[in-house]
Amino acid sequence: QVQLVESGGGLVQAGGSLSLSCAASGIIWRIDVMGWYRQAPGKQRELVASISRGGNTNYADSAKGRFTISRDNAKNTVYLQMNSLKAEDTAVYYCKGSVVGWDGGVNDCWGQGTQVTVSS
């Protein structure tokens, strides 16, 4: 019903930059908080950054000063600009949206993920 599709992942050298996008589609009344998470091999999925509908942001300590999350509510899209990338940023990056349906129900919806690999 609701699909989130990430794009922009790839291979980049340490110190480089990468931009991720995630667009939601389907039957959507609105999307409240949206966020980016990542999961490295052998580790649990962790929050990287989140953003409210009004633009309030929250970052993991590891992302502060390097990553910037933003969104376009009209496009139901969330972005993650990643700068000064490090090898430890290597992971599958997932976007999540708290989707409010026409019936008022709220569901956390996840994208399929996009691989980000940072070479050192």
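In Å and on Cα atoms, what radius of gyration and Dmax does segment 1-112 show?
13.9, 46
Over segment 2-108, what is the mean sequence separation of C-alpha contacts under 8 Å (at least six apart), divided by residue count, expressed as relative contact order in percent? List each step's numbers first, then the result.
Details: 221 pairs, mean separation 36.3, N = 107.
Relative contact order comes out at 34 percent.
For Val33 and Arg66, compute 0.36 nm times the residue count separating them, minus their Cα-Cα distance, and round to one decimal in nm. Intermediate results must be reported in sequence, preceding the final value.
Numbers: separation 33, 0.36 × 33 = 11.88 nm, distance 2.08 nm.
In short, 9.8 nm is gained.
For the chain, which whole percent of the accessible surface, found with a 1.4 angstrom probe, sits on carbon and sulfur atoms? Walk me through the numbers before you get to the answer.
Working: 2980 of 6420 Å².
With neighbouring chains kept in place, the figure for the chain is 46 percent.
At 1.4 Å probe size, with every protein chain present, just tell me what the per residue accessible area of the chain comes to in Å². Could the numbers behind the result be given before it?
On the way: 6420 Å² over 120 residues.
Value returned for the chain: 53 Å² of accessible area per residue.
Have a look at Ala49, Ala24, Ala40 and tell me which one the Gaussian network model of the chain (Cα, springs below 10 Å) gives the largest fluctuation.
Result: Ala40 has the largest fluctuation of those listed.
Need one number: % antiparallel among DSSP beta bridges in the chain, to the nearest 5. List each step's numbers first, then the result.
Values: 42 of 46 bridges.
That works out to approximately 90 percent antiparallel.
Going by a 4.7 Å Cβ-Cβ cut-off, which cysteines of the chain have no partner at all?
Cys109
When the solvent-accessible surface of protein heavy atoms is calculated with a 1.4 angstrom probe, in what order do Glu46, Glu6 fall, highest first?
Numbers: Glu46 70, Glu6 25 Å².
Putting Glu46, Glu6 in descending order of accessible area: Glu46, Glu6.
I'd like the distance between the alpha-carbon centres of segment 9-80 and segment 99-120, rounded to an integer number of Å.
Answer, in whole Å: 9.
The values are calculated or read from the model by the stated rules, or taken from the named source; none is laboratory data. Note that the structure is a prediction, hence the values are computed from the model and not measured. Here Cβ is always computed from backbone atoms with ideal geometry, including for glycine, and neighbour counts include all displayed protein chains. To get the accessible areas, we keep the full protein, side chains included, count just its heavy atoms, and leave off ligands, DNA and RNA. Shrake-Rupley method; radii C 1.70, N 1.55, O 1.52, S 1.80 Å.
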